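Comments concern the structure below.
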Ligand SMILES: Nc1ncnc2c1ncn2[C@@H]1O[C@H](COP(=O)(O)OP(=O)(O)OP(=O)(O)O)[C@@H](O)[C@H]1O
Ligand SMILES: [Mg+2]
């Protein structure tokens, strides 16, 4: 659905800013790819090129077999683009009028009304089709953006920080919709600074660094870059025994003590017999009330990479 080869973009200036220095990756139908990278890594620049808002300085990008630079008009008909944050809606117009207006930019109007109602239905806003957008919450506005993006039944959906500023419930609703669309075969390219978006949605991660793709991995493999298999959290009441970390022989072990009791966390590289034996000894010799085991997420990987490891 999306094929990018050696894509480059330099912004003029003295000296010029080379933002993308040869980026290549693909996104298949039904796949959700999380595009990651620190602030300024070039994620938005890449999404702008793919949405034909910006021309590349070199390389190629094809959307559903249409080259974005040579056949921008055609490529545009196959994409939906949703940028996060508040912008670009007419507050005094109804949801339906907004979607007709923005959708009217790319097709004959008479076909748009039923399609507009369908898109509003897809995002759970069809009951509010005639309400003015000024009466909408942030989450509802973001869903309206999503509906506008869905108007052309895109084969590729691009989302730039789609959950920014949304409360937990609305963010979850947006994620659910994205998952449903991918389930129906839409290819999705998603950026977010919230690891939870990537952890819940992405099947693959593409990480940009210094203008290039530094990692392109299935999500499970990406999580393994965290360098540990699990984080274990033990807790109990009273005072912590100070010998915990030494028993676990683990430099990552941390003890937290407060008036309610203690918590110790440590990372397990792999679940071998030795780790289990030491863990059993801890539980036998100390009053452990609770054990919690969690797998590393995208955040743990990004933290490790930022610290210069791996
Ligand atoms: N029109 C422009 N002219 C000059 N430089 C630009 C322009 N647009 C972006 N840049 C530069 O390109 C770099 C990449 O910006 P971009 O917005 O693509 O990053 P990003 O990965 O989306 O970052 P963020 O996570 O903060 O959204 C930045 O250094 C930015 O200053
Ligand atoms: Mg950005």
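The values are calculated or read from the model by the stated rules, or taken from the named source; none is laboratory data. Fair warning: this is a prediction, and the values are worked out from it, not measured in the lab. No Cβ is skipped: glycine too gets one built from the backbone with ideal geometry, and neighbour counts run over all protein chains shown.
The number of residues in region 156-172 being crowded, with 18+ Cβ neighbours inside 10 Å, more than 16 Å from residue 103 (Cα to Cα) and more than 16 Å from ligand 2 (Cβ to nearest atom) comes to 4.
Of all the listed residues (267, 257), the sole one being outside the structural domain of residue 163 (by TED's automatic domain parsing) and either under 30 Å from residue 177 (Cβ atoms) or exposed (fewer than 14 other Cβ atoms within 10 Å of the Cβ) (or both) is 257. When the criteria are applied in full, residue 63 meets the requirement of being away from ligand 1 (no atom under 12 Å from the Cβ), buried (at least 16 other Cβ atoms within 10 Å of the Cβ) and modelled with pLDDT under 95. Residues in region 152-172 that are away from ligand 1 (no atom under 16 Å from the Cβ), touching a helix residue (DSSP H, G or I) at 6+ places or on another chain (Cβ under 7 Å) and under 17 Å from residue 64 (Cα atoms): 152, 157. Within region 173-198, being part of a helix (DSSP H, G or I), buried (at least 16 other Cβ atoms within 10 Å of the Cβ) and more than 16 Å from ligand 1 (Cβ to nearest atom) holds for 173, 174, 175, 177, 178, 181, 182, 196. When region 199-223 is filtered for residues that are within 15 Å of ligand 2 (Cβ to nearest atom) and buried (at least 22 other Cβ atoms within 10 Å of the Cβ), the ones remaining, listed by number, are 206, 207, 208.
Going through region 33-56 one residue at a time, which ones are surrounded by fewer than 18 Cβ atoms within 10 Å (Cβ to Cβ) and more than 15 Å from ligand 2 (Cβ to nearest atom)? Selection gives 55 alone. Applying a threshold of 7 Å to beta carbon distances and a minimum spacing of six or more residues, or different chains, the list of pairs starting in region 22-44 at a residue that is at negative phi and ending at one that is assigned to a loop (DSSP other than H, G, I, E, B) and within 15 Å of ligand 1 (Cβ to nearest atom) reads 43/37. The residues of region 140-155 that are in contact with a strand residue (DSSP E or B) (Cβ under 9 Å, 6 or more places away or on another chain) and either on the phi < 0 side of the Ramachandran plot or buried (at least 23 other Cβ atoms within 10 Å of the Cβ) (or both), listed by number, are 142, 145, 146, 148, 149, 150, 151, 152, 154, 155.
For region 1-35, a tally of residues being closer than 22 Å to residue 196 by Cβ and either within 9 Å of ligand 1 (Cβ to nearest atom) or at pLDDT below 95 (or both) returns 1. I'd like to know if region 17-32 contains one or more residues that are touching a strand residue (DSSP E or B) at 6+ places or on another chain (Cβ under 7 Å), within 16 Å of ligand 2 (Cβ to nearest atom) and more than 30 Å from residue 297 (Cα to Cα). Yes - at least one qualifying residue is present in region 17-32. The helices (runs of 4 or more DSSP H) found wholly in region 236-310 include none carrying at least 3 residues that are at pLDDT below 85 and closer than 30 Å to residue 41 by Cα.
The condition (being in the same structural domain as residue 191 (by TED's automatic domain parsing), on the phi < 0 side of the Ramachandran plot and within 16 Å of ligand 1 (Cβ to nearest atom)) is satisfied by just one residue among 83, 102: 83.
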